[in-house]
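Below is one structure, written out as structure tokens; the observations come after it.
The values are calculated or read from the model by the stated rules, or taken from the named source; none is laboratory data. The structure displayed is predicted, hence computed values, not measured ones. Here Cβ is always computed from backbone atoms with ideal geometry, including for glycine, and neighbour counts include all displayed protein chains. With ligands, DNA and RNA removed, areas are computed over all heavy atoms of the protein, side chains included. Shrake-Rupley method; radii C 1.70, N 1.55, O 1.52, S 1.80 Å.
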Amino acid sequence: MEDGILPAHVGIIMDGNGRWAKKRLQPRTLGHRAGAQNFRTIIRYASQIGIKYLTVYAFSTENWSRPAEEVGALLRLFKDYLEEALRDFMDENIRVRFIGDVAAFPQELRELIAEVEEASAPKTGMVLNLAMNYGGRAEILRGAKAFAEDVQAGLCQPEDLTEEAFDRYLYTAGQPAPDLIIRPSGEQRVSNFLLWQCAYAEFVYFDILWPDFKPQDLDRAIEIYRSRQRRFGGV
Ligand code: FPP
């Protein structure tokens, strides 16, 4: 990675595991396994090059509609990887946070999620947001409800709600908005990912399936990001 300004916050939609497996005439779950392996490689690399915040989309609120067998396999994979994360991300000074409605997951997974968050809370390096049972619209509604409750409780007034104030009601409260969002696999859509936060993000799409996405592809996305002129609505 050449020297230059790094995006502070990068988002990645890890897409294409199913197609990766299909190309190899393998079950989709094998693609998820390869995707999870790659997830570890890319997390490490992002942390090493100095990315401060990384948000990865691991499971959307819509993913429950997949066949039960695939959902079950994904949940098992999360459990295995969180157990490993407890061991290895710890050495890398990575703080792991979960964004999304994790209350919907089985108890064993919820306990592991709480354990990982607690164990990594003192870490001072990269913040890794794992979006699990996450949906951007659901996040905005959740924030709106929490604000309404605060108004009802007399803690604030409707006119206190500014864009900055609303930030505090999001899962990503206090974090910078994503500068760069990468979506491999060839799909060019946002799929309910960080809807509020992505207002001024640069999007980079690659025709690579997630298990094949390499550290050099992250470098390449950052180069593209640097080559763009961000105007934030100005001229
Ligand atoms: C999208 O590919 C991918 C997912 C729905 C799951 C992403 C999960 C991982 C990469 C596992 C690693 C995560 C953790 C936290 C251990 P797809 O199935 O939609 O692919 P397709 O579009 O080719 O069918």
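So here's what we get for this one:
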item: Full-extension gain in nm, ALA153 to VAL190, via 0.36 nm per residue minus C-alpha separation; result: 9.8 nm
item: Mean residue ellipticity (222 nm) of the chain, computed from DSSP H runs ≥ 4 via -39,500 (n - 2.57), nearest 500; result: -13500 deg cm²/dmol
item: For the stretch 198-210, 3J(HN,Hα) per residue [Karplus equation, 6.51 cos²θ - 1.76 cosθ + 1.60, θ = phi - 60°, Hz, x = Gly/Pro]; result: 8, 3, 10, 6, 8, 9, 10, 10, 10, 8, 10, 7, 3
item: Charged-residue dipole, Cβ positions (Lys, Arg, Asp, Glu), the stretch 1-50 about Cα centre, Debye nearest 20; result: 560
item: Amide hydrogen neighbours beyond the local backbone of LEU180, cut-off 5 Å, H modeled; result: HIS9, GLY11, GLU202
item: Full-extension gain in nm, ARG230 to ASP212, via 0.36 nm per residue minus C-alpha separation; result: 3.6 nm
item: Between the stretch 1-74 and the stretch 117-131, the alpha-carbon center distance in angstrom; result: 18
item: Nearest-10 value in Å² for the accessible area of LYS22, using the 1.4 Å probe; result: 150
item: Three-way shape label, the stretch 81-141, alpha-carbon gyration tensor, a/c 1.5; result: oblate
item: Kyte-Doolittle mean at least -0.5 and Cα axial length at least 15 Å: DSSP H helices in the chain; result: 28-49, 68-88, 107-120, 136-152
item: For the stretch 102-235: rounded, prolate or oblate by the Cα gyration tensor [a/c cutoff 1.5]; result: oblate
item: Cα shape, the stretch 130-197, gyration tensor, a/c 1.5 rule; result: prolate
